[in-house]
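This report refers to the structure that appears directly beneath it.
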Amino acid sequence: MAEYYNYIKSLHLIFVITWFAGLFYIPRLFVYQIEAFYKPSPDKEILGKQLKLMAKRLWFIITWPSAILATIFAFLLLIIQPIWLQQGWMHIKLTFVVLLFAYHFKTHHIFKQLQQDVVKWSSSQMRLWNEGSTLILFSVVFLVILKNSINWIFGVVGIFVLAILLMLGFKIYKRYRERNSKQN
């Protein structure tokens, strides 16, 4: 199986990328669903139906299959290279993978609620939720590329700085939207 290592690694990366693409886009669809939920009829029904269909297709045709295939190929890589399981960076990476699955399952829970017209999040909260997968992605990429503990510490500090910048950007954007909606 070692001769297939690069093929398996390539497939793992492809499905990680498509998994993240789904995780980046689905909360955006949730934002639109939440905003459509508060529109007057018939816009509410027309937009709601279309956005539910888009979310369902994205979630079950791209995101879930990508998560499953990325995981299968990851296990195959660990079977080929079991020594990775003895390295500290891999333990930390696997912790981030657990966080990614927690994020995925919570997103699935939100998906199911919105499919049933149960709106428990504001569009602003959902925009903030959308940044969770971004932080996990940055963390994993820096960790896998750097692997060195000192560089990884700088990477973690960088992730926290990124999180703070995202929060500030979110607040600035929210103020901008509120100001523009008052002017209109």
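Just so it is clear, none of the values below were taken in a lab; they were calculated from the coordinates. Source: prediction; values computed, not measured. Positions of Cβ are generated from backbone atoms using ideal geometry, with glycine treated the same way; all protein chains shown enter the neighbour counts.
Just a few scattered comments:
- The phi-based Karplus calculation (6.51 cos²θ - 1.76 cosθ + 1.60; θ = phi - 60°) puts the 3J(HN,Hα) values of the stretch 117-133 at 6, 9, 10, 10, 10, 8, 5, 5, 5, 5, 4, 5, 4, 4, 7, x, 5 Hz, whole numbers, x for Gly and Pro.
- Considering only alpha-carbon pairs that sit under 8 angstrom and 6 or more positions apart, the relative contact order computed for the stretch 59-184 is 25 percent.
- Scoring 93-104, 33-44, 14-25 by mean Cβ neighbours within 10 Å over their residues and listing the highest first yields 14-25, 93-104, 33-44.
- The stretch 26-96: relative contact order in percent, alpha carbon pairs under 8 Å with at least 6 residues between: 22
- Evaluated with a Cβ-only charge set (Lys, Arg +1; Asp, Glu -1), the chain carries a dipole of roughly 620 debye about its Cα centre, given to the nearest 20.
- Across 106/182; 56/182; 44/120; 56/171; 44/171, pairs whose alpha-carbon gap is larger than 24 Å: 106/182; 56/182; 56/171; 44/171
- Estimated 222 nm signal from helices in the chain, with DSSP H stretches of n ≥ 4 weighted -39500 (n - 2.57), rounded to 500: -28500 deg cm²/dmol
- Gap separating the Cα centres of the stretch 1-21 and the stretch 55-81, nearest whole Å: 10
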